[in-house]
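The block underneath contains the structure these notes are about, expressed in structure tokens.
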Amino acid sequence: MRILRAADYRVMPWKNGGGTTTEIAVSPDGAGLDDFVWRVSMARVEGSGPFSSFAGIDRTLTVLEGEGIVLDIAGQPAAQLTPASAPFFFPADLPTSAALIAGPITDLNVMTRRGRTLHSVERLAISRPVEIATEAGSTLILCHKGEAVFPDAGSIRLGPLDTLLLGPDAPILRVEPVRDTTLFVIRITIAA
């Protein structure tokens, strides 16, 4: 179990150089943009344009802040994503371009190497205690808004954009919101 504080996240250029990404966690530790098995990050998108291509990678994108974005993914209908939209899954190696709806956005990106790992992303808006089931692989709990306390894990407290990274042997965790809180639960498993 590791606590990842927002103040400690690594900021780096996008693969295509068009902006910056804030890396929350990557596996293996220290992996670059071409050799990770999985990666969780946030990006500030300030203009419309092409997305970086990641060969052999599956990706889920969720809008955290801003009005939203429209993704044009080769061979698929355009997808409009807003902060209210469900997390959106797509192959990161298909040519993809984006158009901002009305001004910059911040998004959450989860990427896994196809054939080696799988992932899911769940948004939880909570106002009372809940239990979060973990997976056989890694589970990340990102506190997007509000604050969350994990009483069974030594009363760990997450503030906005802090993350709790749990390994494969983690138990079901009880989380208590300090006030209305939005969490993202990211589950990463080994592909069968």
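The values are calculated or read from the model by the stated rules, or taken from the named source; none is laboratory data. Quantities reported herein were computed from a predicted structural model and do not represent experimental measurements. As a convention, Cβ positions derive from the backbone with ideal geometry for all residues, glycine included, and neighbour counts pool all protein chains shown. Surface accessibility is based on the protein's heavy atoms, side chains included, excluding ligands, DNA and RNA. Shrake-Rupley method; radii C 1.70, N 1.55, O 1.52, S 1.80 Å.
For region 1-48, the per residue solvent-accessible surface stands at 53 Å², with DNA, RNA and ligands left out and a 1.4 Å probe. Three semi-axes describe the equivalent ellipsoid of region 59-188; taken as square roots of 5 times the Cα gyration tensor eigenvalues and ordered largest first, they are 28, 19, 10 Å. Between Asp8 and Ile126, the contour length at 0.36 nm per residue exceeds the Cα-Cα span by 39.9 nm. Annotation for region 1-64: chymotrypsin sites (Phe, Trp or Tyr not before Pro) lying in DSSP loop with at most 16 further Cβ atoms inside 10 Å of their Cβ are Trp14. For region 68-136, the per residue solvent-accessible surface stands at 49 Å², with DNA, RNA and ligands left out and a 1.4 Å probe.
One compactness figure for region 2-129 is 1.03, namely its Cα radius of gyration divided by 2.2 N^0.38 Å. Share of carbon and sulfur in the accessible area of region 70-132 stands at 57%, probe radius 1.4 Å.
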